[in-house]
């Protein structure tokens, strides 16, 4: 193994240790930095491995298919770009998915709840340009960061959906957090956001596994979004503990 590969492997191990330490301390910033370090180190390790393999087959010309595949690999996001949303500066869906499981594992050990809050925004009808949408989304992301606790995880998980992971917070606390964001939007937010809807589910009341809790939160969000015609800024719905019926 080359020196570069040794260093990448060592950096990965250190990063994973920092992630675990961040989970213990409930320090989201430390976890994010460690995750970025791990992603960068793993990318370097994969590149070193690929270059090593390329050295053994360099005498053979690549086919068009192989060339296209290698081009796609080289253009794939790595390091910070793999877990950071470029518009808002928030972590993205990759980070959200990676952190939810460890967060629930910590909640299980410490016997406290953890809530997932999914927030969907609807733009006013006069926003057509992508640049305008990006600016408004960026402002809303900043408003979320100012409203939640430092230990909370906030991610942009799709174009108009944000996800929060709230430690030591049951579904009622999750609903209150969503309502505080709505209040902040109504007072200080950009008026080109017409609706802010939210769906909430929590461990352990809505599931024991990350996929169960996330599925319940998505169902609750879908129901909230189906009521956008109602007056007001938007609906906040907590998932029932039984199956959601139509």
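Here, each number is a calculation from the coordinates, and none is a lab measurement. Keep in mind that what you see is a predicted model, and the values were worked out from it rather than measured. Note that each Cβ is placed from the backbone with ideal geometry, even for glycine, and that neighbours are counted across all protein chains shown.
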Pull out the extension gain between residue 184 and residue 150, defined as 0.36 nm times the separation in residues minus the alpha carbon to alpha carbon distance; nm, one decimal. 10.6 nm
Scoring the range 141-223 by relative contact order with C-alpha pairs under 8 Å, at least six apart, yields a percentage of 23 percent
What order do you get for 147, 211 when you list them from fewest to most C-beta neighbours inside 10 Å? 211, 147
Exposure proxy check: 133, 188 ranked by fewest other beta carbons within 10 Å? 188, 133
Stretch gain in nm, segment residue 111-residue 226, where the contour uses 0.36 nm per residue and the Cα spacing is subtracted: 38.0 nm
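Could you put 233, 214, 164 in order, starting from the residue whose Cβ has the fewest other Cβ atoms within 10 Å?
Working: 233 17, 214 21, 164 25.
By the 10 Å Cβ count, ascending, the order reads 233, 214, 164.
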Give me the one-decimal nm value for the distance between modelled label points at residue 87 and residue 159, 7 Å along each residue's Cα-to-Cβ direction. 0.8 nm
